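I have placed the structure first, in the form of structure tokens, so that the comments after it can refer back to it.
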Amino acid sequence: MATREENELFTRVGPGTPAGEMLRRYWWPVGVSDQVQTKGAPVAIRLLGEDLVLFRNGQEQLGVVALHCSHRGTSLEYGRVEDDGIRCPYHGWLYANNGQCLDQPAEPEDSSYKERIRHPAYQARDLGGLIWAYLGPDPAPELPQYDLLLRTDGARLVGGGGTPGHFNWFQNVENTVDQAHLPFLHASGYPEFAMKRPKIEWERTWYGVRAETWVADVSGSKVSHFIFPAHNRVTGARVGRTPAHNMFFRVPVDDTHSTGFFVNFFPGVDASTLTEEDLRPIKRRSEPHEYQRVDDGWWGIASRDQDRMAVETQGPIVIAPSSTWHRPTGQSSCCARW
Ligand code: FES
Ligand SMILES: [Fe+2]
């Protein structure tokens with residue numbers, strides 16, 4: 001568990017903070033591609049503590065710019081998307097995707113004022129059915145070329161976003177590396193692991209952490225890959241038909257809220273044959289502190305909400321009692337090996 005000081009450092013994600021500057025060196029999923037249509041309704045988003053609006057102009061180019069107009073701050077969520085940008089509904093200022101103000105219809109015709117207005121704007125791109133945004137300095141890195149975003153030999157489902165959970169991004173990431181909860185929190189999903197003492201090995205890798213979990217009397221193991229700073233890929237996932245390959249992308253909304261996106265890939269499956277059960281993950285909507293109840297003989301929380309319940313009910317930022325928070329120092333089945 002992170003100390004109070006580490007939490008202070010890791011959970012502050014706004015501009016100019018150490019964690020915020022580090023996280024701005026990565027692309028983040030911020031939407032689903034087919035939900036942002038050409039000249040369709042702009043979509044308000046929040047990423048790394050910044051309020052933004054996402055749109056696709058008439059030339060099918062994605063734009064992500066500051067939500068509040070550079071003139072008087074009216075929300076561009078209610079703006080009009082045009083061929084070459086987004087127009088504010090209040091006095092009609094038009095911004096190009098790169099933030100350059102192109103038109104100020106209430107100013108005198110010969111005014112050059114618009115040339116001096118550069119609205120905050122960032123890069124956004126489509127990849128694998130998701131929209132990715134980059135808020136950091138130029139040059140932007142390559143988009144993450146994960147196989148599940150690029151493969152064409154099967155059906156791909158993407159989804160996520162929606163109402164953010166009330167917990168910081170780092171708490172969410174800690175949960176992805178915390179394999180000790182699998183036999184307990186996920187007892188209903190992994191009955192062969194249920195309530196058995198796990199043996200876990202974590203290995204630091206070039207991409208992050210590889211974790212493998214065994215329990216007594218069960219052949220085989222569960223492997224989870226954590227990819228720095230906030231992605232993970234799992235084996236043995238149980239989403240609709242199997243086998244599906246899954247990735248999850250945790251996204252820092254602000255200091256105390258997180259959201260996430262996912263990709264489920266079904267090798268060799270024609271997308272038109274996907275069933276309601278397969279599509280279930282992309283249709284769900286979750287509100288903070290609302291967890292679907294089920295009668296499963298365990299905790300009574302639907303598998304889809306188990307992790308969120310565990311992370312969210314800790315509080316928006318888990319505060320360790322003191323900077324001398326106990327850390328295990330010896331080897332045990334639940335201790336990292338480094
Ligand atoms: S507030 Fe946007 S144009 Fe005036
Ligand atoms: Fe979990």
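The values are calculated or read from the model by the stated rules, or taken from the named source; none is laboratory data. Computed from a predicted model, the values in this text were never measured in an experiment. Ideal geometry is used to build each Cβ from the backbone, glycine not excepted, and the neighbour counts take in all protein chains shown.
Quick notes on this structure:
- Residue ID - farthest from Trp206 (Cα to Cα), chosen from residues in the range 227-241 that are at pLDDT 95 or above and assigned to a loop (DSSP other than H, G, I, E, B): Ala230
- Pairs linking a residue in the range 267-281 that is in contact (Cβ under 8 Å) with a residue 24 or more places away in the chain to a residue that is of a type in the set (Lys, Arg) and not in a loop (DSSP other than H, G, I, E, B), with Cβ atoms under 9 Å and 6 or more positions apart or on different chains, are Ala271/Arg156; Arg280/Arg304; Pro281/Arg304.
- Residue in the range 193-211 that is surrounded by the most Cβ atoms within 10 Å (Cβ to Cβ), counting only those that are touching a residue at least 24 places away in the same chain (Cβ under 8 Å) and within 16 Å of ligand 2 (Cβ to nearest atom): Ala211
- From Asp103, Asp178, residue being closer than 17 Å to Gly260 by Cβ and without any contact (Cβ under 8 Å) to a residue 24 or more places away in the chain: Asp178
- Cross-chain or 6+ apart pairs with Cβ under 6 Å, the range 137-149 first and within 15 Å of Phe265 (Cα to Cα), then of a type in the set (Phe, Trp, Tyr) and buried (at least 16 other Cβ atoms within 10 Å of the Cβ): Leu148/Phe265
- Flag for Thr213 being modelled with pLDDT of 90 or more, among the β-branched types (Val, Ile, Thr) and closer than 21 Å to Gly315 by Cα: no
- Residue that is within 30 Å of Ala211 (Cα to Cα) and in contact with a strand residue (DSSP E or B) (Cβ under 6 Å, 6 or more places away or on another chain), where the choices are Gly160, Gly99, Gly85: Gly160
- All conditions in (1) buried (at least 19 other Cβ atoms within 10 Å of the Cβ); (2) within 30 Å of Asn232 (Cβ to Cβ); (3) in contact with a strand residue (DSSP E or B) (Cβ under 7 Å, 6 or more places away or on another chain) hold for Arg24, with the sole exception of (3).
- Scanning the range 45-72 for residues that are touching a Leu at 6+ places or on another chain (Cβ under 9 Å), among the small types (Gly, Ala, Ser) and surrounded by fewer than 19 Cβ atoms within 10 Å (Cβ to Cβ) yields a single hit, Ala66.
- Close pairs from the range 302-320: first in contact (Cβ under 8 Å) with a residue 12 or more places away in the chain, partner crowded, with 16+ Cβ neighbours inside 10 Å and of a type in the set (Phe, Trp, Tyr), Cβ under 6 Å, at least 6 apart: Asp305/Tyr291; Met309/Tyr291; Val311/Phe167; Glu312/Phe167; Pro316/Phe167
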